[in-house]
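Participant: Before I ask anything, here is the structure I am working with.
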Amino acid sequence: SRLSFTNSFYANATGTVVIDDTELVQTKIDQAKAQNRNSLVLDNRVYYVKQLVVPSDFTLEGQGDQTRIIKMHWSTEVASGSNAVITVDTDTYDTQQNISIKHLRIDGNAQNQYLSQDTTFEYLNYAVRVFGTDILFDNVELTNVIGGGIYAYDTQITEGLTILNSEITNGSLTYVYEYSPIVASESRITKIAHNTFQNFPTAALVDAIQKGVITPNVIDNCGAGLFAYGSSKIILSPNVLLGPA
């Protein structure tokens with residue numbers, strides 16, 4: 001006789017079996033949205049997920065550092081090749097708005113992932129993909145990702161991007177590819193304040209921003225530091241820029 005499982009199970013380096021929580025969390029998000037509840041507060045524990053889709057007018061919130069979302073082993077999205085842990089609902093492409101991610105830690109589990117071919121779609125290897133109007137990250141720790149951090153650039157202009165009190169660290173397993181802690185190119189009314197960006201191959205990209213405050217942040221060992229070419233009506237100092245470049 002043999003056993004048959006409907007879910008995938010993995011053992012991590014310590015021999016502990018990890019269970020895929022993707023369906024559990026995504027169902028809670030979808031149910032809350034269907035019941036006109038616009039937020040979900042996660043329990044104070046570790047969740048292993050492949051990829052979560054956060055809809056418009058919704059807040060995904062944890063209870064601090066001990067609410068941890070870890071990317072499931074070898075969980076590149078098959079159809080698109082996306083390595084995102086959190087993304088937006090691309091089926092309703094023109095209506096992304098009022099999305100908040102707050103008070104939690106995201107671990108990209110980089111050592112147990114593989115890079116996708118991202119020549120055509122540069123966002124595929126970023127841990128978080130967002131765009132739209134009024135996007136907020138508050139007290140989020142994002143670390144140990146296979147590629148880049150937050151990708152907030154799209155043909156749909158992102159307006160009202162705010163990143164506060166967050167840490168985006170330790171991206172990419174190699175410096176061969178130019179992954180950034182934050183891609184906020186061409187966004188409007190952008191506030192990036194009191195954050196730490198550390199250990200990525202290339203700079204924090206805030207180029208071509210219209211109206212923004214990018215200060216004060218610590219940017220350590222991220223390529224050229226802060227790239228803001230072509231931005232207008234923007235405050236870029238003070239920031240602490242460290243590293244070989």
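The values are calculated or read from the model by the stated rules, or taken from the named source; none is laboratory data. What you see is a predicted model, and the numbers here were worked out from it, not measured in a lab. Glycine also receives a Cβ, built like all others from the backbone with ideal geometry; neighbour counts cover every protein chain displayed. What goes into the accessible areas is simple: the full protein's heavy atoms, side chains included, and nothing from ligands, DNA or RNA. Shrake-Rupley method; radii C 1.70, N 1.55, O 1.52, S 1.80 Å.
Participant: Mind grabbing the base-10 log of I(q)/I(0) for the chain at q = 0.09, 0.15, 0.16, 0.17 Å⁻¹? Debye formula, identical points on the C-alpha positions, no solvent, two decimal places.
Facilitator: -0.36, -1.02, -1.17, -1.32
Participant: Hey, can you rank 52-62, 176-186, 21-31, 143-153 by average C-beta count inside 10 Å, highest first?
Facilitator: Result, highest mean first: 143-153, 176-186, 52-62, 21-31.
Participant: State, as an integer percentage, the relative contact order of the chain based on alpha-carbon contacts under 8 Å between residues 6 or more apart.
Facilitator: The normalised contact order for the chain reaches 11 percent.
Participant: Quick one: accessible area per residue over region 47-182, 1.4 Å probe, rounded to a whole number of Å²?
Facilitator: On the way: 5330 Å² over 136 residues.
Here the residues of region 47-182 average 39 Å² of exposed surface.
Participant: For residue 236 and residue 57 in one chain, what is 0.36 nm times their gap in residues minus the Cα-Cα distance, to one decimal in nm?
Facilitator: That pair, residue 236 and residue 57, stretches by 61.5 nm at full extension.
Participant: Take the cross-link list 33/211; 28/71; 102/191; 50/102; 28/50 and give me the ones stretching past 23 Å between alpha-carbons.
Facilitator: Going by Cα-Cα distance, 33/211 fall outside the 23 Å limit.
Participant: Same structure again: Calculate, in nm to one decimal, what residue 178 and residue 196 gain on full extension: separation in residues at 0.36 nm each, minus their alpha carbon distance.
Facilitator: 4.6 nm
Participant: Using Cα-Cα distances under 8 Å and only pairs 6 or more residues apart, what relative contact order does region 38-111 have, in percent? Numbers along the way, then the final one.
Facilitator: Details: 149 pairs, mean separation 29.9, N = 74.
Contact order relative to length: 40 percent.
Participant: Counting DSSP beta bridges in the chain, what percent are antiparallel, to the nearest 5? Write out the running numbers ahead of the final one.
Facilitator: Values: 3 of 70 bridges.
So the antiparallel bridges in the chain amount to around 5 percent.
Participant: Fully extended, how many nm does the chain gain between residue 17 and residue 31 (0.36 nm per residue separation, minus their Cα-Cα distance)?
Facilitator: My answer for the length gained is 2.3 nm.
Participant: Also, I was wondering about something else. Tally up the carbon and sulfur contribution to the accessible surface of the chain as a whole percent, 1.4 Å probe, everything protein left in place. Don't jump to the answer; show the numbers that get you there.
Facilitator: Details: 5920 of 11890 Å².
About 50 percent, which is the carbon plus sulfur part of the accessible surface.
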